[in-house]
């Protein structure tokens, strides 16, 4: 197992390297000149002389060849230095550290929500196959899959405000500072982002359960006189969860990308708004740092998923 | 006992099973959790329970015109436009945030209702760090005396700090904003610790405005220590606490502020840009006390949700349409005039602003300080603002133009300033197409794309803009008006603010003159001549005035007034506000 983990970790390095090249290059294709954006965003309109722009570009190292810029950036990244924001001169690594808690919390709460809602939905649906509860749950699941998370988020913000003059407390409070306030701020984003993902989980759990419930060992377990609950939750569900866990890993990427819009809708200072702000400002170091963060999280989330197979299925050995 | 027999029988006979009991407990627990989520949202306003009294709208109603009698306390939460990304005052664009933490030699007098303060449309200045408005020894020299004041770290503000701040903003190569507004600056001297003298190269009408907005007084020691990258530190009414860019910035009251008894709010929270729905929800649920500007449709929605809130309404200059006057067929002014006469401005207002708004002209009439006129008062050019498609076609025929004209129109997408603006562009295109005059190829751009393209004069054909009243809607109008219509040496070089590429020697001369004419009556006559030249040539076609609507929680003091300039992020006037009990 340790050897497997080491091998997988080693294999992530070329993945991350390729990603870094892609991110570095893609950022520079975004239209707009950095110095113009820095100057214009402050209210200066129009006539910006090239001399000023050239001076800013030299100060920011943007006059060097792209390959030199990349090599320099990569060298710094390996020492934990993601550079300084071109726009506000803050440490990108420090900013990411401040923000990642928000995004990771939304993503984790969304995942938890999707598991707590999606898996039981799928199980219930499978157990009541082709009966009214099954149809109702499948209808709900298809509906939730179809509705984009940003629309759900907008409804969750707008309707309570219109009907009951209610909105979650503004801003973000760390869970360790005030857990109640934190939950008040996060439960609506959790629902907005988790609903669609839970629907996918529910559908996959249902089909997986139906398959497993037809297996011989399940019939044997019932024949042995085991209770229904034991058969379903101890024997069938555990095997049915393997594809669900795989989906869970894939959906981590969806969850993280979904946080960009959800954070904007709910006004949360997470990695999503950081990335959005950085893209609009063409803040290269910040964009690169943020995308690398997301990439690393997705890669390691999938690694965790792979390793969890061994816990779920004793036949899987590394 | 009958009671115990009943319960004993019920439980023993398992009418209520353990499972049922657990389910019931779970439901109750869930209900309690739900209540804790929704029932405990923090009312971050100060001074007690929500008042539902209907406050005055605009500037009417009786007013406690004495801001020295306010009450300390509370956390003021304000929705802003998005200047929270940076706290770098000179090398970034932190002017909005710094208006809370820093002082200037002078400030604007708006923010309080008359008679104490100035109108919400006025750019009248008042002393801030300076003891009084400057003594002017001639048109080129401004002398200021400083009053005793300390920075937030307890060190005194001296004339050397003021000199350092102005020179850095004006001459430091890394400065990003301020230096574009101080080309008039010659030098700054500090003859003693409490005196600052500013010398200009030529008379310049907006010296005080620029001082108020762009030349905030920084601590030389703090700026050179490297700490400036981590926090804002000035001598202003509020002390910087923390920032979570671009979403939130927090401040607390400066108890040692040099202008007593201000400020009053214990804390201030600024919220960065977020979804419109969230902004409206926050105000409807009383999470925020002051909105950013809203258009007419949003205004009505907020009024419905918060009938108690105080509304401040201001006219804003119209959306406008530019044509490349150096390209065919736009070179001929008859073609440009025809485009104006082919536009039904009443319908335009219906499409973009709920039918509200009046016809506007390039220098806009909405600011009485500048003496500019409404289109119907522009003499022989007045008819160019009237809807007359027959006359428009005659003009095009006289100009020998093949119809329909095939051209481009460039404009922002709706994410930049909202859908109403895009609807305006669409309406212009469809109206001119219906008349058979113009066939547009539509180009929607993001703001970054526009910054390198049509916004700076780099475009083909035409472009559609949100409107800037010829620069009057900014709190440093002289430079903006000058740049919009100037063609030094008879040519326009991009990047430029002169989007129509208008080349007119007299207009260029007048554009410079208005910035240097300190006499207000003479300046107004300069504007009059500019209005007539611009209207006759129709270098920019203006439609109907818009509205900027701001809402304020009625818990905030009666004397409080949100000025139009709040859209530009200045917040120095917030020191005069407090929460009523």
Quiz item: What percentage of all Cα-Cα pairs in the range B:278-397 are separated by more than 22 Å?
Solution: 51 percent
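How far, in nm, would the chain grow between residue B:331 and residue B:260 when pulled straight, counting 0.36 nm per residue and subtracting the alpha carbon separation?
Values: separation 71, 0.36 × 71 = 25.56 nm, distance 5.88 nm.
Stretched out fully, the residue B:331 to residue B:260 stretch lengthens by 19.7 nm.
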Quiz prompt | Distance in nm between pseudo-label sites at residue A:29 and residue A:132 (7 Å out along the Cβ direction from Cα) | solution = 5.4 nm
Exercise. Just need the relative contact order of chain A here, percent rounded to a whole number, with Cα pairs under 8 Å and 6+ apart.
Key: 27 percent
Exercise. Determine the percent antiparallel among the DSSP beta bridges restricted to chain B, to the nearest 5.
Key: 75 percent
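Could you work out the mean projected area of the convex hull around the alpha carbons of chain B, in square nanometres to one decimal?
On the way: hull surface 140.8 nm².
Result: 35.2 nm².
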Quiz prompt | Estimated distance in nm for a label pair at residue B:493 and residue B:390, the labels positioned 7 Å out from Cα along Cα-to-Cβ | solution = 4.9 nm
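Give me the number: length gained by fully extending residue B:397 to residue B:460, i.e. 0.36 nm times residue separation minus the C-alpha to C-alpha distance, one decimal in nm.
On the way: separation 63, 0.36 × 63 = 22.68 nm, distance 2.29 nm.
20.4 nm is the gain from fully extending residue B:397 to residue B:460.
Just rank B:265, A:139, fewest to most, by other beta-carbon atoms within 10 angstrom. Provide the component values of the computation, followed by the final result.
On the way: B:265 27, A:139 10.
Listed from fewest to most nearby Cβ atoms, that is A:139, B:265.
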Quiz item: Out of the DSSP beta bridges found with both residues in the protein assembly as shown, what percent are antiparallel (nearest 5)?
Solution: 75 percent
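Can you compute the FRET efficiency between residue B:439 and residue B:374 using 1/(1 + (r/R0)^6), with r the Cβ-Cβ distance and R0 = 30 Å? Round to the nearest 0.05. Walk me through the intermediate numbers first.
On the way: r = 32 Å, r/R0 = 1.08.
So, using R0 = 30 Å, E works out to roughly 0.40.
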Self-check item: Degrees between helix B:18-39 axis and first principal axis of chain B (Cα, 0 to 90, nearest 10)
Solution: 40 degrees
Quiz prompt | Shape category assigned to the range A:100-312 from the gyration tensor of Cα positions, a/c cut at 1.5 | solution = prolate
Quiz item: Which ordering of B:186, B:206 is given by a fewest-first count of other beta-carbon atoms within 10 Å?
Solution: B:186, B:206
Quiz item: Once every DSSP H run of n ≥ 4 in chain A is given -39500 (n - 2.57) and the sum is divided by its residues, what mean residue ellipticity at 222 nm do you get, rounded to the nearest 500 deg cm²/dmol?
Solution: -25500 deg cm²/dmol
Self-check item: nm² value of the averaged projected area, convex hull over the Cα atoms of the protein assembly as shown
Solution: 47.1 nm²
Self-check item: Beta bridges by DSSP in the range B:318-544, antiparallel share as percent, to the nearest 5
Solution: 45 percent
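Divide, for the range B:318-544, the radius of gyration over alpha carbons by 2.2 N^0.38 Å, where N is the residue count. Don't jump to the answer; show the numbers that get you there.
On the way: Rg = 16.4 Å, N = 227, 2.2 N^0.38 = 17.3 Å.
Expressed relative to 2.2 N^0.38 Å, the Cα Rg reads 0.95.
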Quiz item: Using the alpha-carbon atoms, what tilt in degrees (0 to 90, nearest 10) does helix B:389-398 show relative to the longest principal axis of chain B?
Solution: 40 degrees
Self-check item: Helical contribution to [θ] at 222 nm, DSSP H n ≥ 4, -39,500 (n - 2.57), averaged over chain B, rounded to 500
Solution: -9000 deg cm²/dmol
Self-check item: Ranked list, fewest to most other Cβ atoms within 10 Å of each Cβ, for B:268, A:271
Solution: B:268, A:271
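Can you tell me the FRET efficiency between residue B:153 and residue A:6 if r is taken as the Cβ-Cβ distance and R0 is 45 Å, rounded to the nearest 0.05? Before the final figure, lay out the partial values.
Details: r = 52 Å, r/R0 = 1.15.
Result of the calculation: an efficiency of 0.30.
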Quiz item: Per Stokes-Einstein, at 10 °C and 1.306 mPa s, what whole-number D in µm² s⁻¹ belongs to the range B:417-576, with the Kirkwood radius over Cα pairs as the hydrodynamic radius?
Solution: 87 µm²/s
Quiz item: Given springs between every Cα pair under 10 Å in a Gaussian network model of chain A, which of A:142, A:261, A:244 has the largest fluctuation?
Solution: A:142
Quiz item: Distance in nm between label sites at residue A:174 and residue A:219, each 7 Å beyond Cα in the beta-carbon direction?
Solution: 5.9 nm
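Please find the FRET efficiency linking residue A:300 to residue B:199, where r is the Cβ-Cβ separation and R0 is fixed at 60 Å, and quote it to the nearest 0.05.
Once rounded, the FRET efficiency stands at 0.45.
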Self-check item: C-alpha long axis of helix B:505-516 to longest principal axis of chain B, angle in °
Solution: 50 degrees
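Run the numbers for residue B:414 and residue B:160: contour at 0.36 nm per residue of separation, minus the present Cα-Cα distance, in nm.
Details: separation 254, 0.36 × 254 = 91.44 nm, distance 4.63 nm.
Going from the current span to full extension adds 86.8 nm.
Every number here is computed from the coordinates shown, using simple stated rules; none is lab data. On a predicted model such as this, the values are computed, not experimentally measured, just so you know. Here the Cβ is made from the backbone with ideal geometry for all residues, glycine too, and neighbour counts use every protein chain on show.
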